[in-house]
Amino acid sequence: MSDMMKIYDTVIIGGGPAGYTAALYAVRSGLSTLVLEKFSPGGQMTQTAQIDNYPGFHEGIDGFTLGYQMQAGAHRFGAETEQTEVLSADLTASPKRITTDAGEVYGKTVIIATGADHRHLGVAGESDLIGRGVGYCAACDGMLYRGKTVAVVGGGNTAAADALFLSRICAKVYLIHRRDSLRASRIYHEPLENTGNIQILWNATVETLHSEQKLTGVTLRQVKTGETVELPLDGLFISVGQAPNTKLFENQLALDKNGYIISGESTETNIPGVFAAGDVRTKALRQIITAASDGAVAAHMAEAYLSATEVPT
Amino acid sequence: MSVIHATNENFNEIVLGSDIPVLVDFFATWCGPCRMIAPILEEIAAEHPEYKIVKIDVDEEPDLASRFGVMSIPTLLVFKNGELISQTVGALPKARLLAMLA
């Protein structure tokens, strides 16, 4: 980090599709632009081996490559990236101050593109058992449960896809869902029901995790009857949706009850000069293309904000 | 120094026999979070000659994976003087990896 206090026109927190599209548009409109990303570029996309719904790649593209290409596109025009974790942010200061694990950076505007992460189930002991039987990424850890008995918790598309994926590796896959029908798209229903080693446990919630060094099983509660039943397991994959990464900003930005930054299509937040782009904000559809779209809008709004507030010297 | 790939055959020599702290990354080529930290590990290896960065492919080395109870990847282990000091699961930012090694 430079010893001079450099103030960027815009500092973008998060290097997924929203962040790097914002960076591309900001830097191309002449703004000095810094992206803060703690890992490699791409965000949640990096977990997806084949992306078929981002137009322009007619044979699909893997998320990791797409992330790098989005970063390279922004860097080509002079956007910068620092590989650091943001620890805190003062969004009402002037300039806005962001503290990272490598020091402080300053921006006249801030675009928050921190995305979302997998939601925890909220059962006692869950965090302690991550990597010891409890997981959130079937594509990552599935191979380590070859021939074993596992369960997936959830009823959405990810849970359905995870169960099908695991059924090809594991001896037995339970799909635990708290309702009596799946929220997952229809295309998943038939394969799930016709796969011999998948058993759907309807109207059931995970009440307790059992472990001896590692996960050994769970206690399920039947939602309708209140009955409990023991289910021995080698692995439990939790696929109950996403939670936005907004903890850093919760005392400054207006959030909805699920923690998303309240913002419309303009990406403006309750703080002037602070914009929210991508999965992190309230919106109807969270996809790579809508995140990228937000990034473009946020950069445009940041530029408009700077033009309106900066007095020519 | 660059990142070193270890196998079951040379693990004891490369990791346990090291006289500098070692960060071992159990990874797979198809694992998103593993790929996310790969450039960070390369950066640490290049910038910090006082540490050794070792990668183990769980598909190639199932015996090592089971020896250390690896059930999720990436799993990161730190060894000092041949002893396992810490074991964590999941991608971690650079500063936290360096803190584990320090």
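The values are calculated or read from the model by the stated rules, or taken from the named source; none is laboratory data. No experiment lies behind these values; they were computed from the predicted model shown. A quick note on method: Cβ atoms are made from the backbone with ideal geometry, for glycine too, and the neighbour counts reach across all protein chains shown. Areas reflect the complete protein model, heavy atoms only, side chains present, ligands, DNA and RNA absent. Shrake-Rupley method; radii C 1.70, N 1.55, O 1.52, S 1.80 Å.
Please report the base-10 log of the normalised intensity I(q)/I(0) for chain B, using a Debye sum with one equal scatterer per alpha carbon and no solvent, at each q in 0.14, 0.18, 0.21 (1/Å).
Log-scaled intensity ratios, in q order: -0.44, -0.77, -1.09.
Under DSSP H, which helices of chain A have Cα atoms covering 20 Å or more of the helix axis and a Kyte-Doolittle average no less than -1.0? Can you show the working numbers first?
Working: long enough: A:288-309 (31 Å, 0.84).
Going by DSSP H runs, the hits are A:288-309.
Apply the Karplus parameterisation 6.51 cos²θ - 1.76 cosθ + 1.60, with θ equal to phi minus 60°, to every residue of the stretch A:112-125 and state each ³J(HN,Hα) to the nearest whole Hz, in sequence, with x for glycine and proline.
8, 9, 7, x, 9, 9, 5, 7, 7, 6, x, 9, 4, x
Among DSSP beta bridges lying fully in the protein assembly as shown, give the percent that are antiparallel, nearest 5. Spell out each step's value before the answer.
On the way: 39 of 80 bridges.
Counting only bridges with both partners in the protein assembly as shown, antiparallel ones make up about 50 percent.
Take peptide B:70-82, look around each residue's Cβ out to 10 angstrom, count Cβ atoms belonging to other protein chains, and average those counts. Can you show the working numbers first?
Details: counts 4, 15, 13, 7, 2, 3, 0, 0, 0, 0, 0, 0, 0.
Counting other chains' Cβ atoms within 10 Å and averaging over B:70-82 gives 3.
In the neighborhood of B:Thr29, defined by Cβ-to-Cβ distances under 11 Å, what is the net charge if each Lys or Arg adds +1 and each Asp or Glu adds -1?
On the way: positive: B:Arg35, B:Lys55; negative: B:Asp57, B:Asp59, B:Glu60.
Net charge in that neighbourhood comes out at -1.
Averaging sequence separations of C-alpha pairs under 8 Å and six or more residues apart, then dividing by the length of the stretch A:127-238, give the relative contact order as a whole percent. Please list the in-between numbers first.
Details: 239 pairs, mean separation 33.9, N = 112.
Normalised by residue count, the contact order of the stretch A:127-238 is 30 percent.
May I ask for the percentage of alpha-carbon pairs in the stretch A:183-231 that lie more than 18 Å from each other? Before the final figure, lay out the partial values.
Working: 572 of 1176 pairs.
The calculated P(r) of the stretch A:183-231 puts 49 percent of pairs beyond 18 Å.
Report P(r) for the stretch A:127-238: all Cα-Cα distances, bin width 10 Å, range 0 to the bin holding the largest distance, values in whole percent.
16, 50, 32, 3
Quick one: which residues, 5 or more positions from A:Leu215 or on another chain, have an amide H under 5 Å from its amide H? H modelled 1.01 Å from N in the peptide plane, none for Pro or chain starts.
Those lying under 5 Å, H to H, from A:Leu215 are A:Gly133, A:Val134.
Where both residues lie in the stretch A:127-238, what percent of DSSP beta bridges are antiparallel, nearest 5?
Values: 13 of 29 bridges.
Percentage antiparallel, nearest 5: 45.
Over the residues of chain A, compute the C-alpha Rg and express it relative to 2.2 N^0.38 Å. Please report the intermediate quantities before stating the final value.
Working: Rg = 21.8 Å, N = 313, 2.2 N^0.38 = 19.5 Å.
With N residues counted in chain A, Rg over 2.2 N^0.38 Å equals 1.11.
Amide H to amide H, which residues 5 or more places from B:His5 or on other chains are under 5 Å from it, using H placed in the peptide plane?
Correct list: B:Lys55.
What does the charge add up to near A:Thr228, with Lys and Arg as +1, Asp and Glu as -1, over the other residues with Cβ less than 11 Å from its Cβ? Write down the numbers at each step before the final one.
Numbers: positive: A:Arg221; negative: A:Glu207, A:Glu227, A:Glu230.
So the environment of A:Thr228 carries a net charge of -2.
Provide the gained length on full extension for the span A:Thr99 to A:Glu193, in nm with one decimal, where the gain is 0.36 nm per separating residue minus the Cα-Cα distance. Walk me through the intermediate numbers first.
Numbers: separation 94, 0.36 × 94 = 33.84 nm, distance 5.01 nm.
Contour length minus the Cα-Cα distance gives 28.8 nm.
Express the relative contact order of chain A as a whole percentage, based on alpha carbon pairs under 8 Å and six or more residues apart in sequence. Walk me through the numbers before you get to the answer.
On the way: 724 pairs, mean separation 64.0, N = 313.
So the answer I get is 20 percent.
Can you work out the accessible area per residue across the stretch B:4-101, with the rest of the protein chains kept in place, probe 1.4 Å, in square angstrom?
Details: 3990 Å² over 98 residues.
About 41 Å² of surface per residue is accessible.
Rolling a 1.4 angstrom probe over the protein heavy atoms, how many square angstrom per residue are accessible across the stretch A:1-160? List each step's numbers first, then the result.
On the way: 6570 Å² over 160 residues.
Heavy-atom accessible area per residue stands at 41 Å².
Using helices alone, I'd like the mean residue ellipticity at 222 nm for chain B: each DSSP H run of four-plus residues gives -39500 (n - 2.57), total over residue count, nearest 500. Don't skip to the end; give the middle numbers.
Values: 3 runs with 30 residues, N = 102.
Dividing the helical sum by the residues of chain B leaves -8500 deg cm²/dmol.
Alpha carbon centre of the stretch A:25-39 versus the stretch A:182-257: separation in Å?
Distance between centres, Cα-based: 38 Å.
For A:Ala102, what residues show an amide H to amide H distance below 5 Å, using hydrogens built from the backbone and excluding near sequence neighbours?
Under 5 Å from the amide H of A:Ala102: A:Glu85.
Using each residue's phi in the stretch A:147-155, evaluate 6.51 cos²θ - 1.76 cosθ + 1.60 at θ = phi - 60° and report the 3J(HN,Hα) Karplus result to the nearest Hz, with x for Gly and Pro.
x, 9, 9, 9, 9, 10, 9, x, x
Name the cysteines of the protein assembly as shown that stand alone by the Cβ rule: no other cysteine Cβ under 4.7 angstrom.
A:Cys170
Excluding A:Arg178 itself, what net charge comes from residues whose Cβ is under 14 Å from its Cβ, given Lys and Arg +1 and Asp and Glu -1? Can you show the working numbers first?
Details: positive: A:Arg119, A:Arg179, A:Arg183, A:Arg221, A:Lys224; negative: A:Asp180, A:Glu207.
Combined, the nearby Lys, Arg, Asp and Glu give +3.
Convex hull over the alpha-carbon atoms of the stretch A:1-119: what's its volume per residue in Å³? The partial results should precede the final answer.
Working: hull volume 13.0 nm³, N = 119.
For the stretch A:1-119, the hull spanned by Cα atoms encloses 109 Å³ per residue.
With an 8 Å Cα cut-off and a minimum separation of 6 or more residues, compute the relative contact order for the stretch B:4-101 in percent.
Values: 161 pairs, mean separation 37.9, N = 98.
The value is 39 percent.
Per DSSP H run of n ≥ 4, the term is -39500 (n - 2.57); total these for chain A, divide by its residue number, and report the mean residue ellipticity at 222 nm rounded to 500 deg cm²/dmol.
Working: 6 runs with 72 residues, N = 313.
The helix contribution divided over chain A gives -7000 deg cm²/dmol.
Between A:Gln287 and A:Arg183, what length in nm is gained on full extension when 0.36 nm per residue of separation is reduced by their alpha carbon distance? Each step should come with its number before you reach the end.
Working: separation 104, 0.36 × 104 = 37.44 nm, distance 1.75 nm.
Result: 35.7 nm gained on full extension.
Solvent-accessible area of B:His48, probe 1.4 Å, all protein chains present, reported in Å² to the nearest ten, please.
40
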